[in-house]
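These notes concern the structure reproduced below.
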Amino acid sequence: MSNEDQRTLILTGASRGIGHATVKRFSSAGWRVITCSRHAFPEACPWAAGPEDHIKVDLSDPDDTLRAIGEMKSRLLGGKLHGLVNNAGISPKERGPNGDIRLNTLNTPMSTWRHVFEVNLFSTVWLAQGLKDELAAAQGAIVNVTSIAGSRVHPFAGAAYATSKAALAALTREMAADFGPLGVRVNAIAPGEIDTAILSPGTEKIVDTIPMRRLGLPEEVAKAIYYLCTDQSSYVTGAELHINGGQHV
């Protein structure tokens, strides 16, 4: 595939779990993937693109996000971006004597609310605004990663995380309406309990209530993201796809 024909994806939150699986899925299909995370490119990462296609960015800092957008634009060949996946998300917890304590609406500090919303919600707006022209030039797609916690009280996910994901689902609909006339589709995926390194203790009790009686795999989430970024979903926009083994029913 020539450089002119190769499609390009920008992926935030690429440092683990769903991010890793998404890189593998798109790379295997010949896409160029520009990864973004708050960490420098680790030597043990499982893809071959290396640090030349990695951007270190602190999405909790709007100024650093804008700086990174400038770097992203400079790396896009022909000024085209075919896919933007907003996967970065944080769910802070408080350490207690018997393990992590869920941060609810009564005990979450103001600074934590602002930090979570900047990463989980507002950075999505800044990235979409900043890369609008490149997405339109490629007739590209945006995929926002929400969560099952955005539609119900979750035993582990904190209140700030949950409400930021609910807001991200609403933002997806607003973006779909605004970006549609530009030829850019905007959708969301809402994962449930996915088998990654950041699962909370006690998740096995939730599995017993899931109709499919198992955790989801990062690869299964990556396949859904890929679907929403390709022509297979060419008339799908403003949707939120549940990937949770029936946990939402």
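Quick note: the coordinates plus some simple rules give every number you see, no bench work behind them. Because the structure is a prediction, the values reported are computed rather than measured. Heads up, the Cβs are rebuilt from the backbone with ideal geometry, glycines too, and the neighbour counts pull from every protein chain shown.
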| task | With unit charges on the beta carbon (Lys/Arg positive, Asp/Glu negative), name the residue among Gly13, Ser37, Pro109 whose Cα is farthest towards the positive pole of the charge dipole of the chain. | result | Pro109
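Normalised by the number of residues in the chain, what is the relative contact order in percent for Cα pairs under 8 Å and 6+ residues apart? Walk me through the numbers on the way to the answer.
Numbers: 459 pairs, mean separation 48.6, N = 249.
It comes to 20 percent, rounded to a whole number.
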| field | FRET efficiency, 1/(1 + (r/R0)^6) with R0 25 Å, evaluated for Ser151 and Asp61 via beta carbons | value | 0.30
| task | Putting +1 on Lys and Arg Cβ atoms and -1 on Asp and Glu Cβ atoms, find which of Leu77, Gly89, Val184 reaches farthest to the positive end of the dipole of the chain. | result | Gly89
| remark: Distance in nm between Lys223 and Glu52 label points, each 7 Å along Cα→Cβ, equals 3.3 nm
| said: Using the crude model of +1 on Lys and Arg Cβ and -1 on Asp and Glu Cβ, and no other charge, please compute the dipole size for segment 70-145 relative to its Cα centre, in debye to 20. | reply: 40 debye
| request: Could you tell me which label, among (1) 129; (2) 286; (3) 110, carries the value of volume of the Cα convex hull per residue in Å³ calculated for this structure? | output: (1)
| In vacuo Debye scattering of segment 135-249, one point per C-alpha: log10 I(q)/I(0) at q = 0.11, 0.20, 0.21 Å⁻¹? | -0.38, -1.06, -1.13
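Relative to the present Cα-Cα distance, how much length would full extension add between Val236 and Ser74 at 0.36 nm per residue of separation? Could the numbers behind the result be given before it?
Numbers: separation 162, 0.36 × 162 = 58.32 nm, distance 2.94 nm.
Answer, rounded to one decimal: 55.4 nm.
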| said: With +1 assigned to the C-beta of every Lys and Arg and -1 to the C-beta of every Asp and Glu, and no other charges, what is the dipole magnitude of the chain about the Cα centre in debye, to the nearest 20? | reply: 360 debye
| said: Lysine pairs in the chain with Cα distance under 29 Å, only those 8 or more apart or on different chains: how many are there? | reply: 25
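Multiplying the sequence separation of His115 and Arg95 by 0.36 nm and subtracting their Cα-Cα distance, what value in nm do you get?
On the way: separation 20, 0.36 × 20 = 7.20 nm, distance 1.78 nm.
In short, 5.4 nm is gained.
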| note | Between the modelled labels at Asn107 and Asp208 (7 Å from Cα along Cα→Cβ) the distance in nm is 2.5 nm
